[in-house]
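The values are calculated or read from the model by the stated rules, or taken from the named source; none is laboratory data. For clarity, every value in this text was computed on a predicted model and none was experimentally measured. Because the Cβ atoms are built from the backbone with ideal geometry, glycine has one as well, and the counts that use them run over all protein chains shown. For the accessible areas, the whole protein counts, side chains as well, though only heavy atoms, and no ligand, DNA or RNA atoms are used. Shrake-Rupley method; radii C 1.70, N 1.55, O 1.52, S 1.80 Å.
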Amino acid sequence: MALTTVFRLFYVQWIELAPDESYYFTWSRWLQWGYYDHPPMVGLLIYLGTAVAGMTELGVRLPCVVIGAFLTFILYRMGSEMFRSERAGFTRPFS
């Protein structure tokens, strides 16, 4: 998980923003309670990411990388608890 997260942190700063990402970045500059087609969390997360890493591709995508790492850990823990095995998070349960 840590190696994948480090790879993502380096990878996301070299790819240009997609049109949707730049649209969301514009939202983050002027936060509102809601937007035409999305709730306000998208703008807020990008606002926090750019506050930490600057107004760069990394800043826009940083929240996604952090949330992805957190969800990977949560899914691993859930698999470990459900199947009573620490290895459950690394293999398919029915193979």
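Over segment 20-88, what relative contact order in percent results from Cα pairs under 8 Å that are six or more residues apart?
20
Give, in nm to one decimal, the length gained when the segment between E21 and C64 is fully stretched (0.36 nm per residue of separation minus the Cα-Cα distance).
Gain on extension, E21 to C64, equals 14.3 nm.
Please report the carbon-and-sulfur percent of the accessible area for the chain; probe 1.4 Å, protein heavy atoms only, DNA, RNA and ligands left out.
Accessible surface attributable to carbon and sulfur in the chain totals 69 percent.
For the chain, run through the chymotrypsin sites (Phe, Trp or Tyr not before Pro) and keep only the ones in DSSP coil with at most 11 other Cβ atoms within 10 Å of their Cβ.
For chymotrypsin sites (Phe, Trp or Tyr not before Pro) across the chain that sit outside H, G, I, E and B with at most 11 neighbouring Cβ atoms in 10 Å, the list reads W14, W30, W33, Y36, F90, F94.
Based on the Cα gyration tensor of segment 1-40, what are the three equivalent ellipsoid semi-axes, each the root of five times an eigenvalue, rounded to whole Å and given largest first?
27, 13, 8
Enumerate the calculated ³J(HN,Hα) couplings along segment 33-43 in order (Karplus 6.51 cos²θ - 1.76 cosθ + 1.60, θ = phi - 60°), each rounded to whole Hz, writing x wherever the residue is Gly or Pro.
The phi angles translate into 6, x, 10, 4, 10, 8, x, x, 5, 4, x Hz.
Just to be sure I understand: if I project the alpha-carbon convex hull of segment 20-75 onto a plane and average over all orientations, what area do I get in nm²?
4.1
What do you get for Rg/Rh over the chain if you use C-alpha atoms and the Kirkwood form of Rh?
Result: Rg/Rh = 1.11.
In debye, nearest 20: dipole of the chain around its Cα centre with unit charges on the Cβ of K, R (+) and D, E (-)?
400
How much mean residue ellipticity at 222 nm does the chain get from its helices, if each DSSP H run of length 4 or more adds -39500 (n - 2.57) and you divide by all residues, to the nearest 500 deg cm²/dmol?
Rounded to the nearest 500, the figure is -21000 deg cm²/dmol.
So, R0 is 30 Å and r is the distance between the beta-carbons of F73 and Y36; what FRET efficiency does that work out to, to 0.05?
So, using R0 = 30 Å, E works out to roughly 0.35.
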